[in-house]
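Written out below as structure tokens is the structure these notes cover.
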Amino acid sequence: MNINNINKKLFIRHLTILTLSFISSSVFGQIFSTAQNPLSVKWNYIQSGGFKIIYPKELEKDAQRMANTLPFIYPKIGLSLRQQNTSIPLLLQNRGTIANGFVQLAPKKSEFYATPPQYFDSQDWLNNLAVHELRHIAQFDKLTGIQTHPFPELVYFAYFGAGIPTWFFEGDAVVNETALTESGRGRQPKWIMPFRTSLLEGKKFSYSKAYFGSNKDITPGYYQTGYLMVADMKEKFGQFISDSLLGDIRKRPVRLYPFSQSLKKYTGKNTKDYFLSTQEKLTKNWNAQQEKLSPENYESLNQKTWLVTNYFLPVRLNKNQILALKESKQDARHFVIVNEDKTEQRLFGIGYQEQPWFSSKKDLIVWDEIRYDPRYKQRSYSVICSYNLKTKKFKKLSSKSRLFSPSLSEDGKKIVAAKVDLSNQFNLVELDATTGKILKTYSNPENEILQTPSFDKTGNRISYIGVSEKGKSLWLLESGKKTKLISGSRQQLNRPIFIGDKIVFNAHFNGIDNIYSIDIKSKKINALSASKYGAFNPTETSDKKIIFNDYKINGYEIAEKKITEKPVGQNVYIDFSTAAEKQENTGNVFTNIPDSTYQSKPYHQVLNLFSFHSIIPVIDNEYVFGLELQSNNLLNTMDFYTGAKYHRDLKRFEYTADISYKALYPVFSIAYRNRPKRTFYRAKNATQQGDWRENFIKLNASLPFSFNARNQNYSFSLNAATSFTQRYMLENLPGSFVTSLKFPMEYNLTFNHSVRTTERDIAPKWAQILRATYNHQPFDKNLGGKIIALESFFYFPGIAKNHSFLASFNYQKASGANQYAVEIPTVYGYNNILAKSKLQNSLLLNYRFPFAFPDWELGSLAYFRNFRAGLFSHYENIGKETNIGEPKTYGIELNSSLNILRYQPVVDVGARLVFVNKIYNQNPILEFSFNYSF
């Protein structure tokens, strides 16, 4: 029995992975970015209060605004955590087109991605980020203090992820953003719609399922779960309950389940019990809310499915066919035609979108999707693509663009879209639908954030949403004249379209997201739908109907109804943050922001390459342990690590240093080791022990290159490395012992292609990986030898969805000093089987498939998401040791993805039974695996 794939670093490094607990995002969660901007970006900085705001020069106006805003609002944001001052660098990023924000330690910083999304709250985007992310800063300060300690940040970061659940950090921040503004996600019915739908449909969740999610069901999400639980805590236990919990954890950090124990101390319930009691309260409140409504039931036009499936933005192509954008936990996002009998025709897959979006007229489909810079992943673009249903031809209508929500004119000849430049200036633009050429740009002197524009049938009028700190507005643009039909609303106004002389849009006037119309002349608003859970994305049909998304327990379904208008009705929305809002008693924190002008200075990258943040313990194995000093600079362009390790078996120290510079197109890295070494050799018919020390230095240059096109992903990397080793302090070694290794050369070339995957996929449906490696010794005549290795991995679809078949053929030829090196994948059980000859080739055949998704909560010990199985047949040295009909090893494997001890990372554990070809006289081998991911 042996154990594979176990990271042997100290558990502090394991816990560092748990930092997902501190990724705060107003749009979607992600681990904090380690990507770079192009070197051409010129940076400035402003010191304001405790904030050092670092930003590209194009964002001068927004940086000045944030310099006034952040110190002014932080005392109000930190009040209920008793935090009034802070000190932190804050980066404004403008090269990307994906909206996000986060706070992290190691190094301590916050980043705001300044490009707003097309769907978000009814306030200014950077203000939206500020009120949320500053709460996370206050949480960090509460737990660590403002003053910098002697390099503890990575340890703190690891502990936070291990000891405090993500839902609390995010829920506390969402309660804060809602209580301190007139907006906030707590006031958005759509945001908590999935949880409300499940409870009203009688489907309740275990604590673990609500927190960690599911591979088969829609679950509340840890943001929503945390918001509802923390809001309830504040209502029952007062304004300072979060302060009490974090303060108690800071005083008594070394406990099993520290947050749950502190929660029980102050509320009488542990985390699981508090969730269950909150769920019961929500069920009661939402049932009472439902009794005040008179919802309509809409027949679903898509096929029923037991699995979560969304049919976004349905559009009628004709009386018998509907076009929609479909995705599920089994299928990545793709276009589909739904027939009258509910059968479906798959068209093609698309790439990542900032939101589900497309427009279709006259057999033409246009949509936007994100394309990344091949090297600098902080830079991305939002491009417009098109597809002709008749000619079946694709076009990319824009390149390196920042265009969002493209909508076609009725004749399919023009496109209107929202455009944002690097200074965050928004404008509406009209484009030629054939060439992508910009035909007209509409001014936006107020620089409202512009969203989801659309043409009327004549192509002469445009409706769109504008967003500012005052709220959301519905605009009509006609002949260059702008008319505001709805002004400064806190409603989640979305996706306006023209139907005759009225504009139809989404809002939540009755407390549930529904479809409404506004008369352009009288500005009277009426309701067109009365969905029980939420109605979205209306489109007019030819027979005076609208086709739209009706939200049900398994996702966004397709529904259709006649256009009939009803009064808006009473707003029965339940605002769970009401108690917190009264406790804070600040009103909108963005009222009366100062308007000073701060001195701006250049931020020189070359002078800010180092940012030391942590000294951590490291353990390589049971014999080697030590300390390491770490530096990662704020722009992610330089990493530096240095440390000392003690070799317990050799009773000597090793000294290390690693540096990586990532600002240039190639990535350069240098590794240095001064280390003790020991070997055993045969001399005079006896085994002798020899010791020495050596200086080892390795240089590596790599060129990572990747890009995406629709649902296809491609990557290419080229690596070249060399090293020099000088051995000294020789003890009891033969005279022939080599004292220097002079510049062996290593080259590696890798190509990768894959299609977009889903959360249930074990591997891509289609993927190819090709890798070539060549190592030789051109500068050392005493150590001749080389190795060439070719690896290939081909992934194919299995017999059912989410099944995967892998065929991997690999070849190597080695000689001289490299004759026993292994550069290709080996058969399972390789290290436990006595080889009959040198490794030359391998053929690995694997078939893997999921077979159960139990969502099984085993108390507080583990939460099982899925179970997977696999069959394998592996060959080695074909034609020499084995034949195609006689694998060297074969067997079965079982794996499960789970969360252990209610920690956030997904742990993958597995067992593999390896049977060995009888010619090796080897008993079956049992192997175990352990990995973690997010």
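The values are calculated or read from the model by the stated rules, or taken from the named source; none is laboratory data. Being a predicted model, the structure only gives us computed values, none of them experimental. With ideal geometry, Cβ positions are generated from the backbone for all residues, glycine too; neighbour counts draw on all protein chains shown.
Quick notes on this one:
- Checklist (1) under 23 Å from Phe455 (Cα atoms); (2) touching a strand residue (DSSP E or B) at 6+ places or on another chain (Cβ under 7 Å); (3) at pLDDT 95 or above applied to Ser522, failing item: (2)
- Count of the range 386-412 residues, restricted to those that are part of a strand (DSSP E or B) and either of a type in the set (A, V, I, L, M, F, W, C) or under 15 Å from Val366 (Cβ atoms) (or both), is 12.
- Which listed residue is among the charged types (D, E, K, R), part of a strand (DSSP E or B), over 30 Å from Pro152 (Cα atoms) and at pLDDT below 95, from Arg678, Arg727: Arg678
- Exclusive hit being in contact (Cβ under 8 Å) with a residue 60 or more places away in the chain, surrounded by fewer than 21 Cβ atoms within 10 Å (Cβ to Cβ), at negative phi and of a type in the set (A, V, I, L, M, F, W, C), set Phe240, Phe195, Phe212: Phe240
- Flag for Ala507 being surrounded by fewer than 21 Cβ atoms within 10 Å (Cβ to Cβ) and touching a strand residue (DSSP E or B) at 6+ places or on another chain (Cβ under 8 Å): no
- Condition check for Tyr352: of a type outside the set (Gly, Ala, Ser) and under 17 Å from the mean Cα position of the chain (by Cα): yes
- Failed item, numbered, when Ser860 is tested on (1) exposed (fewer than 15 other Cβ atoms within 10 Å of the Cβ); (2) more than 25 Å from the chain's Cα centre (by Cα); (3) within 20 Å of Thr219 (Cβ to Cβ): (1)
- Within the range 681-717, considering residues that are out of contact with any strand residue (DSSP E or B) (no Cβ under 6 Å at 6 or more places or on another chain) and assigned to a loop (DSSP other than H, G, I, E, B), the one nearest to Ala772 (Cα to Cα): Arg710
- Residues satisfying the stated conditions in the range 267-300, i.e. surrounded by 15 or more Cβ atoms within 10 Å (Cβ to Cβ) and either within 30 Å of the chain's Cα centre (by Cα) or closer than 26 Å to Phe140 by Cα (or both): Thr267, Lys269, Asn270, Thr271, Lys272, Asp273, Tyr274, Phe275, Leu276, Thr278, Gln279, Leu282
- Of the residues Asn588, Asn549, the single one that is within 33 Å of the chain's Cα centre (by Cα), modelled with pLDDT of 95 or more and in a loop (DSSP other than H, G, I, E, B) is Asn588.
- Test result for Ser382, of a type in the set (Ser, Thr, Tyr), out of contact with any Leu (no Cβ under 7 Å at 6 or more places or on another chain) and crowded, with 21+ Cβ neighbours inside 10 Å: no
- Verdict on Lys521 being among the basic types (Lys, Arg) and surrounded by 19 or more Cβ atoms within 10 Å (Cβ to Cβ): no
- Taking the numbered list (1) over 30 Å from Tyr932 (Cβ atoms); (2) in a strand (DSSP E or B) in turn, Ser842 passes all entries but (1).
- Residues considered: Leu92, Leu81, Leu105. Of these, the only one that is closer than 25 Å to Phe610 by Cβ, hydrophobic (A, V, I, L, M, F, W, C) and modelled with pLDDT of 95 or more is Leu92.
- Meets criteria (closer than 21 Å to Leu926 by Cα and in contact (Cβ under 8 Å) with a residue 12 or more places away in the chain) for Leu834: yes
- Scanning the range 284-338 for residues being out of contact with any Asp or Glu (no Cβ under 9 Å at 6 or more places or on another chain) and among the aromatic types (Phe, Trp, Tyr) gives a total of 3.
- Residue within the range 732-744 that is of a type outside the set (Lys, Arg), buried (at least 16 other Cβ atoms within 10 Å of the Cβ) and outside any loop (DSSP other than H, G, I, E, B) present: yes
- Check on Val155, at pLDDT 95 or above, among the β-branched types (Val, Ile, Thr) and either under 30 Å from Gln290 (Cα atoms) or not in a loop (DSSP other than H, G, I, E, B) (or both): no
- Every residue from the range 219-241 that is out of contact with any Phe, Trp or Tyr (no Cβ under 9 Å at 6 or more places or on another chain) and in a loop (DSSP other than H, G, I, E, B): Gly238, Gln239, Phe240
- When Asn732, Asn748, Asn752 are screened for being touching an Asp or Glu at 6+ places or on another chain (Cβ under 9 Å) and of a type in the set (S, T, N, Q), only Asn732 passes.
- In summary, Asn632 fulfils each of the numbered conditions (1) farther than 30 Å from Asp368 by Cβ; (2) in contact (Cβ under 8 Å) with a residue 40 or more places away in the chain; (3) loosely packed, with under 15 Cβ neighbours inside 10 Å; (4) among the polar types (S, T, N, Q) with the single exception of condition (3).
- Odd one out for Ile370 among (1) assigned to a strand (DSSP E or B); (2) within 17 Å of the chain's Cα centre (by Cα); (3) surrounded by 20 or more Cβ atoms within 10 Å (Cβ to Cβ): (3)
- When the criteria are applied in full, Pro887 fails the requirement of being surrounded by fewer than 19 Cβ atoms within 10 Å (Cβ to Cβ), modelled with pLDDT of 90 or more and in a loop (DSSP other than H, G, I, E, B).
- Some residue of the range 678-690 being on the phi < 0 side of the Ramachandran plot and within 43 Å of the chain's Cα centre (by Cα): no
- From Val667, Val618, residue being surrounded by 15 or more Cβ atoms within 10 Å (Cβ to Cβ), on the phi < 0 side of the Ramachandran plot and at pLDDT 95 or above: Val667
- Arg760 falls short on exactly one of the conditions (1) crowded, with 17+ Cβ neighbours inside 10 Å; (2) in a strand (DSSP E or B); (3) modelled with pLDDT under 95, and that condition is (2).
- All of Ala106, Ala173, Ala138 fail the test of being in contact with a His (Cβ under 8 Å, 6 or more places away or on another chain), under 15 Å from Ile73 (Cβ atoms) and of a type outside the set (Val, Ile, Thr), apart from Ala173.
- Filter pass, Ala807 being under 29 Å from Met745 (Cβ atoms), touching a residue at least 12 places away in the same chain (Cβ under 8 Å), surrounded by fewer than 17 Cβ atoms within 10 Å (Cβ to Cβ) and within 33 Å of the chain's Cα centre (by Cα): no
- Complete set of residues in the range 420-451 that are of a type outside the set (Gly, Ala, Ser) and more than 25 Å from Lys61 (Cα to Cα): Glu430, Leu431, Asp432, Thr434, Thr435, Lys437, Ile438, Leu439, Lys440
- Gly145 vs. criteria at positive phi, in contact with an Asp or Glu (Cβ under 7 Å, 6 or more places away or on another chain) and not β-branched (Val, Ile, Thr): no
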